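Structure, as structure tokens:
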Amino acid sequence: MLSKKMMNALNKHLNAELYSWYLYLSMVSFFKDQNLEGFANWMELQAEEEMMHSMKFYNYIIERRGSVTLDEIAKPEQTWKSTLKVFEFTMKHEQKVTALIDDLVILARKEKDNPAEIFLQWFVTEQVEEESNVDAVISRIKLAGDHPGAMFQLDTEMGKRIAAPQV
């Protein structure tokens, strides 16, 4: 059974994952408005991953006989100056999520909640991948620079991203 402190922290993080889903949906809309369907696809898959992460937290809380508390989801950003700015914002957001996961691991250790710590290890690994993926896109956008043909090609490549199998 979860301690009250751990349950509250997991519920708070559930809300953060739902916010991430909401934020990435906002980015999908931004890219669709720019006719960048490939980047929209990339972000739509990110949004789906965030919803899956949310459900992992939701189900874990219930499995540990905790109570799920759904809170308001903050309004996300909706406009950015460029594709690069979207991905730089995404990197800062993912780094924030990484810090939140790290804090949860520290709390699980403090609470001597080994099952929670084991559960959270999946997210520790996931965040390394998330930051690496975003960093790769940022590098490619910077390489494309202001060349419309390069950005067109990159948008086409982003459209080829498919959902990764989740465990």
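Listed values, structure above:
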read-out	value
Loop sites in segment 50-128: GluC sites (Glu not before Pro), DSSP, at most 11 other Cβ within 10 Å	Glu72
Cα-based reach from Lys160 at 17 Å (exclusive), listing aspartates and glutamates while leaving out same-chain residues under 8 positions away	Glu37, Glu44, Glu48, Glu49
Residues Ile62 and Glu88, FRET efficiency given R0 of 41 Å [Cβ-Cβ distance, rounded to 0.05]	0.70
Size of electric dipole in the chain: Cβ of Lys, Arg +1 and of Asp, Glu -1, about Cα centre, debye, nearest 20	460
Gaussian network model of the chain, Cα within-10 Å springs - most flexible of Pro148, Pro76, Pro115	Pro148
C-alpha center-to-center spacing [segment 103-132, segment 17-35] in angstrom	26
Computed magnitude of the charge dipole of segment 73-167 (debye, nearest 20; Cβ of K, R +1, Cβ of D, E -1)	240
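Values quoted throughout were computed directly from the atomic coordinates according to the rules given, and no laboratory measurement underlies them. These numbers were taken from a predicted model, which means no experiment stands behind them. In this analysis, Cβ positions are derived from the backbone assuming ideal geometry, glycine residues included, and neighbour counts consider all displayed protein chains.
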